[in-house]
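First up is the structure itself, then whatever we jot down about it.
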Amino acid sequence: MTSLLHLYGAASCPFTTELREHLEWEGRMFVEYDVESDPAARARLESITGSRSVPVLVEDGRVVTIAWRGRACQV
């Protein structure tokens, strides 16, 4: 059984786009949150990571990736 991934990102962040495309290429199922347009998602992101850097990938309530290949955007 695979776990559900949560992708916290921003529409304006190219690294969010790259990570999303990577997950889609791998056939991974995920729920995406745009922290620029969703204040509740932004608050969850800040409580999970303590920052506003995206993209962030969370699996089973645990942060598994902050940034994509060492690159991130601040929102």
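The values are calculated or read from the model by the stated rules, or taken from the named source; none is laboratory data. Values in this document were obtained by computation on a predicted structure and should not be read as measured data. Don't worry about glycine lacking a Cβ; one is built from the backbone with ideal geometry, like all the others, and counts go over all protein chains shown.
For region 1-46, which residues satisfy the criterion of being hydroxyl-bearing (S, T, Y), more than 13 Å from T65 (Cα to Cα) and at pLDDT 95 or above?
Applying the first criterion (hydroxyl-bearing (S, T, Y)) to region 1-46 yields 2-3, 8, 12, 16-17, 33, 37.
From what's left, more than 13 Å from T65 (Cα to Cα): 2-3, 12, 17, 33, 37.
If the condition is that a residue be hydroxyl-bearing (S, T, Y), more than 13 Å from T65 (Cα to Cα) and at pLDDT 95 or above, then S12, T17, Y33, S37 are the ones that fit.
Pull up region 65-75, narrow it to residues that are assigned to a loop (DSSP other than H, G, I, E, B) and of a type in the set (A, V, I, L, M), then point me to the one that is nearest to L19 (Cα to Cα).
Step one: of region 65-75, the residues assigned to a loop (DSSP other than H, G, I, E, B) are 67, 69-70, 72, 75.
This time we only want the ones that are of a type in the set (A, V, I, L, M), so: 67, 72, 75.
Details: A67: 9, A72: 11, V75: 17 Å.
Residue satisfying both the conditions and the ranking: A67.
Residues are listed down the side, and each one gets a yes or a no for (1) surrounded by fewer than 12 Cβ atoms within 10 Å (Cβ to Cβ); (2) among the hydroxyl-bearing types (S, T, Y); (3) touching a strand residue (DSSP E or B) at 6+ places or on another chain (Cβ under 6 Å); (4) free of Cβ contacts under 8 Å to residues at least 40 places away in the same chain:
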residue	(1), (2), (3), (4)
C13	no, no, yes, no
H22	no, no, no, no
W25	yes, no, no, yes
L45	no, no, yes, yes
L57	no, no, yes, no
R62	yes, no, no, yes
